[in-house]
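Accompanying notes for the structure given below.
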Amino acid sequence: MALLPLLAALVLAGWQGVLAGEAWWLAGGAARAAARAQLVGSDARTAARRMLPGRFARGLDVRVVDGVQVVVRVAIPGVLSGPRSIGWVTARAGVPTGVEPVTPEAGR
């Protein structure tokens, strides 16, 4: 019985690690989606938000750097913190050098 609080703390810490890993994984996907949207002239923030489930989309920050790099910052939800985040993960994606953005005229 004395080990029950320790076991509960370990389970909560493990679950928090899972949430942090999921935030990291989702941030990478959101950054790639935002970079693709930026490349074709769509809204990078909207593309990134569509890639994230609700609790990860809160506090989303998307920045476009030099028109070719997209930096996405996603909040890590806390197991016990309710709607507040316990930290952030950042992912970066961009267009390879030499690739020109697609325009409607280029597809013809």
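Please count how many residues of segment 61-92 are hydrophobic (A, V, I, L, M, F, W, C) and under 15 Å from Trp25 (Cβ atoms).
Number satisfying all stated conditions: 7.
Of everything in segment 29-54, what is surrounded by fewer than 18 Cβ atoms within 10 Å (Cβ to Cβ), of a type in the set (Gly, Ala, Ser) and within 30 Å of Val11 (Cβ to Cβ)? Give them in sequence order.
Gly29, Gly54
Taking interchain pairs and intrachain pairs at least six residues apart, which have beta carbon atoms under 7 angstrom, with the first residue in segment 55-81 and buried (at least 20 other Cβ atoms within 10 Å of the Cβ) and the second assigned to a loop (DSSP other than H, G, I, E, B)?
Short answer, once both residue conditions are applied: Val74/Leu52; Val74/Leu60; Ala75/Arg58; Ala75/Gly59.
Name every residue in segment 1-51 that is part of a loop (DSSP other than H, G, I, E, B) and hydrophobic (A, V, I, L, M, F, W, C), in order of residue number.
Once the filter is applied, which keeps residues that are part of a loop (DSSP other than H, G, I, E, B) and hydrophobic (A, V, I, L, M, F, W, C), segment 1-51 yields Met1, Ala2, Leu3, Met51.
Are any residues in segment 57-93 within 30 Å of Val11 (Cβ to Cβ) and either outside any strand (DSSP E or B) or at pLDDT below 85 (or both), and if so, which ones?
Ala57, Arg58, Gly59, Leu60, Gly78, Val79, Leu80, Ser81, Gly82, Pro83, Arg84, Ser85
Residues that are surrounded by 12 or more Cβ atoms within 10 Å (Cβ to Cβ) and either among the hydroxyl-bearing types (Ser, Thr, Tyr) or modelled with pLDDT of 85 or more (or both): does segment 94-105 have at least one?
Within segment 94-105, one or more residues are surrounded by 12 or more Cβ atoms within 10 Å (Cβ to Cβ) and either among the hydroxyl-bearing types (Ser, Thr, Tyr) or modelled with pLDDT of 85 or more (or both).
Does Leu26 meet the test of being within 19 Å of Asp66 (Cβ to Cβ) and either in contact with a Gly (Cβ under 7 Å, 6 or more places away or on another chain) or surrounded by 18 or more Cβ atoms within 10 Å (Cβ to Cβ) (or both)?
Details: within 19 Å of Asp66 (Cβ to Cβ): no; either in contact with a Gly (Cβ under 7 Å, 6 or more places away or on another chain) or surrounded by 18 or more Cβ atoms within 10 Å (Cβ to Cβ) (or both): yes.
Criteria not met by Leu26.
Going through segment 22-54 one residue at a time, which ones are aliphatic (A, V, I, L, M) and in contact (Cβ under 8 Å) with a residue 60 or more places away in the chain?
We begin by selecting, within segment 22-54, every residue aliphatic (A, V, I, L, M); these are 23, 26-27, 30-31, 33-35, 37, 39-40, 44, 47-48, 51-52.
Selection gives Ala23, Ala27, Ala30, Ala31, Ala35, Leu39, Val40.
The values are calculated or read from the model by the stated rules, or taken from the named source; none is laboratory data. This is a predicted model, so every value here is computed, not measured. Backbone-built Cβ (ideal geometry, glycine too); neighbour counts: all protein chains shown.
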